[in-house]
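Working notes, structure below.
Just so you know, all these numbers are worked out from the coordinates, no wet-lab data involved. The model shown is predicted, which means the values in this text are computed figures rather than measured ones. Glycine also receives a Cβ, built like all others from the backbone with ideal geometry; neighbour counts cover every protein chain displayed.
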Amino acid sequence: MRPPATIKDWLSIETMFQWVQTAPDESVYKCRMAVWLTHTGRLHAEKVAGILGVSKQAVWLWIRQYNEAGPAGLERPGRGGRRWGYLSAQEEKELLAPILEQTRSGPRPDPKTVQRLVESKLHRKVSKSYIYKLLHRHGWAHIKGQVHPPHSPLASADTFGKLSKPWLRIP
């Protein structure tokens, strides 16, 4: 069987241990732990992948990046995030601040009101989905698009059941 990968001595054992312990999040911790287990435990990439719950290819990639550039080789920009938007997160927050103040003393905001406010700020039309995503980003996911009054035929589930099954309708 092939021996485990070798790790270059960029860091001493004590420094590497501190480096692993100071990982800012889980994904970085897994990268650093893969290097640590391969170096100190002399474990194969398959075994390390099983321990960390990642693919074998990911472990080999992390080991190669560490061996080529040291600890800095594992630090890379994230892949996700918001790539575009009409407003920055701070601008959105400032735009929604007056509405938040109104909702503390009264009813929750109507999405159409928010849409008009955003359109007046941007001087362009925006879709309803943009407004709902905007509200969701700022913790207002409980706002619904259409609310039917209790006397409305669409408000009762029994009416829906009757109208959706034509064979049950009374002539």
- Ascending count of other beta-carbon atoms within 10 Å, so fewest first, for Trp62, Trp19, Trp84: Trp84, Trp19, Trp62
- Within region 65-122, trypsin sites (Lys or Arg not before Pro) in DSSP loop having at most 11 other beta-carbon neighbours inside 10 Å: Arg79, Arg82, Arg83
- Starting at the first residue of region 56-63, write each ³J(HN,Hα) from the Karplus equation 6.51 cos²θ - 1.76 cosθ + 1.60 with θ = phi - 60°, in whole Hz, x for Gly and Pro. 4, 5, 5, 4, 4, 5, 5, 5
- Task: Determine, from the Cβ-Cβ distance of Gln21 and Gln90 and an R0 of 22 Å, the FRET efficiency 1/(1 + (r/R0)^6), rounded to the nearest 0.05.
- Result: 0.10
- Would you work out the charge dipole size for region 13-74 about its Cα centre, treating the Cβ of every Lys and Arg as +1 and the Cβ of every Asp and Glu as -1, and quote it to the nearest 20 debye? 200 debye
- Which Cα, out of Met33, Val54, Tyr66, lies furthest along the positive dipole direction of region 13-74 (beta carbon charges, K/R +1, D/E -1)? Val54
- Rg in Å to one decimal, and Dmax rounded to a whole Å, for region 28-67 via C-alpha atoms: 8.4, 22
- Message: Quick one: 3J(HN,Hα) in Hz for region 86-95, Karplus 6.51/-1.76/1.60 with θ = phi - 60°, rounded, Gly and Pro as x.
- Response: 6, 10, 6, 4, 5, 5, 4, 4, 5, 5
- Query: Ranking Leu135, Leu87 by Cβ neighbours within 10 Å, fewest first, what do you get?
  - Reply: Leu87, Leu135
- Note on the structure: For region 1-76 the trypsin sites (Lys or Arg not before Pro) that pass both the DSSP coil test and the at-most-13 other-Cβ-within-10 Å test are Lys8, Arg42
- Query: Once phi is turned into θ = phi - 60°, what whole-Hz ³J(HN,Hα) does the Karplus curve with 6.51, -1.76 and 1.60 give for every residue of region 12-24, x standing for Gly and Pro?
  - Reply: 6, 4, 5, 5, 5, 4, 5, 4, 5, 5, 9, 5, x
